[in-house]
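Read through the structure below, which is laid out as C-alpha cells, and then see the notes.
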There are 2 protein chains.
Amino acid sequence: MDAPAKNTKVYEEVVERIKKMIEEGELKIGDKLPTERAMAEELNVSRASIREAIRSLEVIGLIESIQGAGNYIKNDFSEILLEPLSMMFMLQQGSAIDIYELREVLELSTIMLSAERISKEELKKLKELIEKFKESDIESNNVIIDKEFHYTIVKSANNPLITNLLNVLSQVIDKFITDSRKNILESSENKERLLKLHERVYIALENRNSLEAYTALKEHFELIKEYIK
Amino acid sequence: MDAPAKNTKVYEEVVERIKKMIEEGELKIGDKLPTERAMAEELNVSRASIREAIRSLEVIGLIESIQGAGNYIKNDFSEILLEPLSMMFMLQQGSAIDIYELREVLELSTIMLSAERISKEELKKLKELIEKFKESDIESNNVIIDKEFHYTIVKSANNPLITNLLNVLSQVIDKFITDSRKNILESSENKERLLKLHERVYIALENRNSLEAYTALKEHFELIKEYIK
C-alpha cells in the first residue's frame, strides 16, 4: 500500500511546463493559467498530477489558486521567499545571529546605493518619520515608525530584488525571534540614541555621502545587537 | 468538471503539520517522514492531500522523495532558494542588472566579515588558487578557479545563510545570464587585471583589512560590469 504512486514524478513535468511558459513570456504577472483539465489533456497526464504541480507552486508563493475562479500568477511576490527561508532557518539550527547578520550585511551595502539614488520625496518622507518618532511616546507606534524608516531607505535603492529579500528577512526575524526593537525602545535613553542615529543617517543620505550613511547605520546595528545577545 | 476539488486547501494543513514537526525539533535534517499512509490516518485526510503537500515541499527543495524508500528532510539546502528566486527573477521582468547588483552588494559586505574571520587554511587555499590561475592558460579552467576563489572568500565569513544565498544567486545568474566571466577571461589583458585584483584582495584579507578588501573587490566588480552592459 505504501509503494510509491505511479505518477511520482509526473508533477515535475507539469512544473517544468509552467516554468517554460513563464520563461517564454506566455505567462506573465497576474495571468490566469489554463484550466487544470486543459493542461491535463495537453500534457496527457492525470488531473491529480496537475494539481500536485499547482499546489507546489502555490506553496512557493508563485501561484494563487482562487476557489471557483482558477489559478493565477501572483501579482505580489513579497511571500515568494518566505517559506523556503523560514524552513532553511528552522532546519539549519539557524542561529538568530546568522539571520540578523545577513540582514545587517545586506542593509548596510544597500544604504550605499540609497545614498546615490534616493529621491527628494523619499528624503522628505524620512524627515517626516523622524519628526513622528520624536513626538510619539507610544512604544508600539515607535516600532512601526522605525520599521517604516528602514523600509523607505531600502526601497530608495531601487532594486526590487533587494527590497523583496530584506522584507522576507524581516518577516522571518519577526516570526522566530523576539522582537528586539521593542526591548530597545522600552528605554527612553535608547529612544534618544536611536533618534540621533536616524538623524545622522538622514543627513548622510541628504548629502549623498555613502560612507557616512554606512557608518551611521552600522552604529545603529551595534545598538540593536546589544539587545539580542 | 473544472470546479475546485473538495480537498482544495487540505494540503495546506498537512504542510503546516510538517512545519510544526520541524519547528518543534521532531523532524531534523536527514530525518525520514512518517509514511504517507500514517500521516493520512493521523490527520484524517486523503493520501492525495498528503502527496500534494509532500510534492510542494519537494519543489521548495526541503524534502527529498526517494522511490520505494520514502520521504526525507534533505541534508543539503543548496537548492532551497533556487526555484523561488528563479521564478521571481523571470517574472519581475528581472533585469540582469538587479540580480548582479544584489550579488555584488551582498558579496561586498560579506568580504568585510571574511577579513575578520578567515582562517589560515582558507588563506592558504586562496594563495594556491592565485598560483593556479597564474599558470593556467585554459579559459574554462580559469573560470572555475575564479569561482572557487570567490566561493572560498564567501565561505570564510562563516555564515551558512549568506553562503547559501550567494550560491543560489550565482546559479540564477549562470542560468539566465550569459556567463560574463568567460567573456572577460577571453582577453589576456583582463586575465592580468583580474589576477592583480585577486592578489590585492588576498593581501587585504591576510592583513585583516576590511576596508581595503572591500575596495579591491569593488574594483573587481567594476571590471566585470564593463562586460555585462
Exercise. For the range B:129-141, state whether one or more residues are more than 14 Å from every other protein chain (Cβ to nearest Cβ), at pLDDT below 90 and either open to solvent by less than 20 Å² (accessible area, probe 1.4 Å) or within 20 Å of the chain's Cα centre (by Cα) (or both).
Key: yes
Quiz item: With (1) closer than 17 Å to A:Phe221 by Cα; (2) among the aliphatic types (A, V, I, L, M); (3) at the interface with another protein chain (Cβ under 8 Å from one of its Cβ atoms) as the list, and A:Ala96 as the residue in question, which single condition is left unmet?
Solution: (3)
Quiz item: Between a first residue in the range A:27-55 that is at positive phi and a second residue that is open to solvent by less than 50 Å² (accessible area, probe 1.4 Å), which pairs have beta carbons less than 7 Å apart while being 6 or more apart in sequence or on different chains?
Solution: A:Gly30/A:Ile73
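Look through the range A:17-31, keep the residues that are out of contact with any strand residue (DSSP E or B) (no Cβ under 9 Å at 6 or more places or on another chain) and open to solvent by 50 Å² or more (accessible area, probe 1.4 Å), and return whichever of them is farthest from the other protein chains (Cβ to nearest Cβ).
Of all residues in the range A:17-31, those out of contact with any strand residue (DSSP E or B) (no Cβ under 9 Å at 6 or more places or on another chain) come to A:17, A:19-21, A:23-26.
Checking which are open to solvent by 50 Å² or more (accessible area, probe 1.4 Å) leaves us with A:17, A:20, A:23-24, A:26.
Numbers: A:Arg17: 14, A:Lys20: 10, A:Glu23: 6, A:Glu24: 10, A:Glu26: 12 Å.
The qualifying residue farthest from the other protein chains (Cβ to nearest Cβ) is A:Arg17.
Restricting attention to the range B:158-174, does a residue exist that is among the charged types (D, E, K, R) and more than 14 Å from chain A (Cβ to nearest Cβ)? Step through it out loud before you land on a result.
Taking the range B:158-174 and keeping what is among the charged types (D, E, K, R), we get B:174.
When the remaining residues are screened for being more than 14 Å from chain A (Cβ to nearest Cβ), the result is B:174.
Yes, the range B:158-174 contains at least one residue that is among the charged types (D, E, K, R) and more than 14 Å from chain A (Cβ to nearest Cβ).
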Exercise. Within the range A:180-225, work out how many residues are in a helix (DSSP H, G or I), acidic (Asp, Glu), open to solvent by 70 Å² or more (accessible area, probe 1.4 Å) and in contact with a helix residue (DSSP H, G or I) (Cβ under 8 Å, 6 or more places away or on another chain).
Key: 2
Exercise. Answer yes or no: is there a residue in the range B:32-48 that is assigned to a helix (DSSP H, G or I), buried (at least 19 other Cβ atoms within 10 Å of the Cβ), of a type in the set (Lys, Arg) and out of contact with any Lys or Arg (no Cβ under 6 Å at 6 or more places or on another chain).
Key: no
Self-check item: Residues satisfying the stated conditions in the range A:70-91, i.e. over 17 Å from the mean Cα position of the chain (by Cα) and more than 9 Å from chain B (Cβ to nearest Cβ)
Solution: A:Asn71, A:Tyr72
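Among the residues of the range A:53-65, is there at least one that is modelled with pLDDT under 80, part of a helix (DSSP H, G or I) and within 7 Å of chain B (Cβ to nearest Cβ)? Give the steps one after another, and end with the answer.
Of all residues in the range A:53-65, those modelled with pLDDT under 80 come to A:59-61.
Applying the additional criterion that residues be part of a helix (DSSP H, G or I) yields A:59-60.
Restricting the remaining residues to those that are within 7 Å of chain B (Cβ to nearest Cβ) gives A:59-60.
Within the range A:53-65 (the criterion being modelled with pLDDT under 80, part of a helix (DSSP H, G or I) and within 7 Å of chain B (Cβ to nearest Cβ)), the answer is yes, since at least one residue qualifies.
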Quiz item: Any chance the range B:158-179 includes a residue that's modelled with pLDDT of 85 or more, in a helix (DSSP H, G or I) and over 28 Å from B:Met90 (Cβ atoms)?
Solution: no
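Only residues that are more than 14 Å from chain A (Cβ to nearest Cβ) and closer than 17 Å to B:Ala216 by Cβ: list them for the range B:104-121, please. Step through it out loud before you land on a result.
Of all residues in the range B:104-121, those more than 14 Å from chain A (Cβ to nearest Cβ) come to B:118-121.
Residue satisfying the conditions is B:Ile118 alone.
Are any residues in the range B:110-122 open to solvent by 20 Å² or more (accessible area, probe 1.4 Å) and in a helix (DSSP H, G or I), and if so, which ones? Outline the logic, then answer.
Filtering the range B:110-122 down to residues open to solvent by 20 Å² or more (accessible area, probe 1.4 Å) leaves B:112-113, B:116-117, B:119-122.
Within the range B:110-122, B:Met112, B:Leu113, B:Glu116, B:Arg117, B:Lys120, B:Glu121, B:Glu122 qualify.
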Quiz item: Among (1) open to solvent by 20 Å² or more (accessible area, probe 1.4 Å); (2) closer than 28 Å to B:Pro84 by Cβ; (3) away from chain B (no Cβ under 14 Å), where does A:Thr152 come up short?
Solution: (1)
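Out of all the residues in the range B:41-69, which are among the acidic types (Asp, Glu) and under 20 Å from the mean Cα position of the chain (by Cα)? I'd like the intermediate steps shown before the answer.
Applying the first criterion (among the acidic types (Asp, Glu)) to the range B:41-69 yields B:41-42, B:52, B:58, B:64.
Once the filter is applied, which keeps residues that are among the acidic types (Asp, Glu) and under 20 Å from the mean Cα position of the chain (by Cα), the range B:41-69 yields B:Glu58, B:Glu64.
The values are calculated or read from the model by the stated rules, or taken from the named source; none is laboratory data. For clarity, every value in this text was computed on a predicted model and none was experimentally measured. Cβ: placed from backbone, ideal geometry, glycine included. Neighbour counts: every protein chain shown. The accessibility values were calculated without ligands, DNA or RNA, using every heavy atom of the protein model including side chains. Shrake-Rupley method; radii C 1.70, N 1.55, O 1.52, S 1.80 Å.
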